[in-house]
Amino acid sequence: MSERAIFAWKKKLKVTGNLERAPLNRKYRKLDPERLVKYVGKCPDAYQRKMASEFKVSTSCIGKVLRKLKITIKKDQSL
């Protein structure tokens, strides 16, 4: 344990009254998740490449947002 960490915790305890972490407020920079959810609802069999070209982002961006939203895409094998 470093002294710096202990002093930082003491200062935080004095200022805020607790030592809990502040929640992270992360924003999506390139892709609005609500638009992606609507698109997946409309076109459930679309590949990530198709979604990426539709939203003008990379396929890895689509994959990361889908993972964060806990959406799994299963293709219909009856076609």
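Any read-out appearing in this document is the output of simple, stated calculations on the displayed coordinates, not a laboratory observation. All figures in this text were calculated on a predicted structure; none of them were measured in a lab. Heads up, the Cβs are rebuilt from the backbone with ideal geometry, glycines too, and the neighbour counts pull from every protein chain shown.
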Local net charge near Lys10, Cβ-Cβ under 13 Å (Lys/Arg +1, Asp/Glu -1) = +3
Inter-label distance, nm, simple model (7 Å from Cα along the C-beta direction), Ser53/Leu24 = 3.3 nm
key: Listed peptides 42-53, 10-21 by packing density, highest first (mean Cβ within 10 Å)   = 42-53, 10-21
About the Cα centre, charge dipole magnitude for the chain (Lys/Arg +1, Asp/Glu -1 at Cβ), debye = 300 debye
task = Sort segment 27-71 into rounded, prolate or oblate with this rule: let a ≥ b ≥ c be the square roots of the eigenvalues of the Cα gyration tensor; rounded if a/c is under 1.5, and if a/c is not under 1.5, prolate when a/b is larger than b/c, oblate otherwise.
result = rounded
request  = Rounding to the nearest 20 debye, state how big the charge dipole of segment 27-71 is about its Cα centre with +1 on each Lys and Arg Cβ and -1 on each Asp and Glu Cβ.
outcome  = 220 debye
task = Cross-chain or 8 or more residues apart, Cα under 20 Å: how many lysine pairs in segment 27-71 fit that? Count them up, please.
result = 26
query = Which of Leu69, Val15, Ser58 sits closest to the plus end of the dipole of the chain, meaning its Cα is farthest towards the positive end, when Lys and Arg get +1 and Asp and Glu get -1 on the C-beta?
reply = Val15
